[in-house]
Amino acid sequence: MITVVANRFVKEESVSEAMALYKQLVEATLAEDGCIRYELYQDEKDTTHFVMIEDWASKESLENHFQSPHFTSIVPKLEGLSRGTGEVFKLHKI
């Protein structure tokens, strides 16, 4: 299993639009083979900060996710709403 933690800060005026895009991404991703968990969180202190916590059955299932139509169409839109670049951490349980 591989866990992913992805952080993104969006522009303040884009929070609602980003939330709608994230909800589409979560819904489509949960139906993917190998997706164990795909949850979106919003920072209580900074509502422009979103964190996605994901669990995938394998590295291959994660790579397939990165190539999925919903990922390749939604993530560039989120990048356009962002302040700076996001961070993605791929973690293996020890």
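The values are calculated or read from the model by the stated rules, or taken from the named source; none is laboratory data. As the structure is a prediction and not an experimental result, all values here were calculated from the model. All Cβ positions, glycine included, derive from the backbone under ideal geometry; neighbour counts span all protein chains shown. Just so you know, the surface numbers come from the protein's heavy atoms only, side chains and all, with ligands and any DNA or RNA stripped out. Shrake-Rupley method; radii C 1.70, N 1.55, O 1.52, S 1.80 Å.
For residues in segment 7-40 being among the aromatic types (F, W, Y) and open to solvent by less than 40 Å² (accessible area, probe 1.4 Å), which is farthest from A57 (Cα to Cα)?
Checking each candidate, the answer is Y22.
Of all residues in segment 72-83 being open to solvent by 60 Å² or more (accessible area, probe 1.4 Å) and in contact (Cβ under 8 Å) with a residue 24 or more places away in the chain, which is nearest to S58 (Cα to Cα)?
K77
Return the total of residues in segment 41-56 being more than 11 Å from N7 (Cα to Cα) and open to solvent by 40 Å² or more (accessible area, probe 1.4 Å).
4
May I ask you to list the residues in segment 1-18 that are without any contact (Cβ under 8 Å) to a residue 40 or more places away in the chain and within 12 Å of S82 (Cα to Cα)?
Result: E12, E13, V15.
Take I53 and decide whether it is touching a helix residue (DSSP H, G or I) at 6+ places or on another chain (Cβ under 8 Å), over 16 Å from I74 (Cβ atoms) and not acidic (D, E).
On the way: touching a helix residue (DSSP H, G or I) at 6+ places or on another chain (Cβ under 8 Å): no; over 16 Å from I74 (Cβ atoms): yes; not acidic (D, E): yes.
No: the conditions fail for I53.
Would you point out which residue out of I94, I74, I53 is β-branched (V, I, T) and modelled with pLDDT under 95?
Matching residue, one of I94, I74, I53: I94.
Would you confirm whether or not segment 14-23 contains a residue that is within 23 Å of L91 (Cα to Cα) and at pLDDT 95 or above?
Here is the first cut: in segment 14-23, the residues within 23 Å of L91 (Cα to Cα) are 22.
From what is left, the residues that are at pLDDT 95 or above are 22.
Yes, some residue in segment 14-23 is within 23 Å of L91 (Cα to Cα) and at pLDDT 95 or above.
Check off (1) touching a His at 6+ places or on another chain (Cβ under 8 Å); (2) open to solvent by 50 Å² or more (accessible area, probe 1.4 Å); (3) of a type outside the set (S, T, N, Q); (4) within 16 Å of V88 (Cα to Cα) for K59 and give me the number that stays unchecked.
Checking K59 against (1) touching a His at 6+ places or on another chain (Cβ under 8 Å); (2) open to solvent by 50 Å² or more (accessible area, probe 1.4 Å); (3) of a type outside the set (S, T, N, Q); (4) within 16 Å of V88 (Cα to Cα), the one that fails is (1).
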